[in-house]
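The values are calculated or read from the model by the stated rules, or taken from the named source; none is laboratory data. The structure presented is a predicted model; accordingly, all values stated were derived computationally and were not measured. Note that each Cβ is placed from the backbone with ideal geometry, even for glycine, and that neighbours are counted across all protein chains shown. For accessibility, only protein heavy atoms count, side chains too; no ligands or nucleic acids. Shrake-Rupley method; radii C 1.70, N 1.55, O 1.52, S 1.80 Å.
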Amino acid sequence: MNYYLDIETTGLNPFEHKIITIQYMELERNTAKPTGPLKILKEWESDEKTILTKFISDSGVDGYIWDFVPFGFNLPFEHKFFLQRCKANGLEPVEILGGIGNPRPHVDLKLLA
């Protein structure tokens, strides 16, 4: 599935700052039109670990590479935060862009700007 993806953080350093919101929405594969509601997970309504856990379980980001194809702006920023903040919260790190030698499909709109 294709997903619009964005996060908000308390700063720019994933080792010092945390994720405060994760926004994502499923998109139709051929047209990129929304197929579901915009989901916004808010850290202040629970905690960072809870929103990370919910995002991972709801989105399928930790499954087959075509189950989660992110569309966003400057996805390497999100990638670094997901990796480090999962580690900081004792969760298995998720790689939205894949690892070295194992890339995942994605569309980064920053490259088009």
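Which residues, taken from segment 58-113, are among the charged types (D, E, K, R) and either under 23 Å from residue 18 (Cα atoms) or not in a loop (DSSP other than H, G, I, E, B) (or both)?
Selection gives 58, 62, 67, 78, 80, 85, 87, 92, 95, 108, 110.
Which one of the conditions (1) open to solvent by 40 Å² or more (accessible area, probe 1.4 Å); (2) touching a strand residue (DSSP E or B) at 6+ places or on another chain (Cβ under 8 Å) does residue 100 fail to meet, given that it meets all the rest?
(2)
Just the residues that are in contact with a helix residue (DSSP H, G or I) (Cβ under 7 Å, 6 or more places away or on another chain) and polar (S, T, N, Q), please, taken from segment 8-51.
Passing the criteria: 9, 21.
Test of understanding: among 106, 79, which residue is within 16 Å of residue 6 (Cα to Cα) and open to solvent by 40 Å² or more (accessible area, probe 1.4 Å)? I'd like the intermediate steps shown before the answer.
Numbers: 79 fails: open to solvent by 40 Å² or more (accessible area, probe 1.4 Å).
Going through 106, 79 in turn, the sole match is 106.
What number of residues within segment 1-57 are touching an Asp or Glu at 6+ places or on another chain (Cβ under 6 Å) and without any contact (Cβ under 8 Å) to a residue 24 or more places away in the chain?
Final tally of qualifying residues: 3.
Quick one: how many residues across segment 45-59 are crowded, with 16+ Cβ neighbours inside 10 Å and either modelled with pLDDT under 95 or not charged (D, E, K, R) (or both)?
6
When you look at residue 5, is it within 16 Å of residue 78 (Cβ to Cβ), out of contact with any Cys (no Cβ under 9 Å at 6 or more places or on another chain), exposed (fewer than 14 other Cβ atoms within 10 Å of the Cβ) and not aromatic (Phe, Trp, Tyr), yes or no? Steps first, please.
Details: within 16 Å of residue 78 (Cβ to Cβ): yes; out of contact with any Cys (no Cβ under 9 Å at 6 or more places or on another chain): yes; exposed (fewer than 14 other Cβ atoms within 10 Å of the Cβ): no; not aromatic (Phe, Trp, Tyr): yes.
The answer is no for residue 5.
Among the numbered conditions (1) in a loop (DSSP other than H, G, I, E, B); (2) touching a strand residue (DSSP E or B) at 6+ places or on another chain (Cβ under 8 Å); (3) of a type outside the set (D, E, K, R), tell me where residue 55 comes up short.
The one condition residue 55 does not meet is (1).
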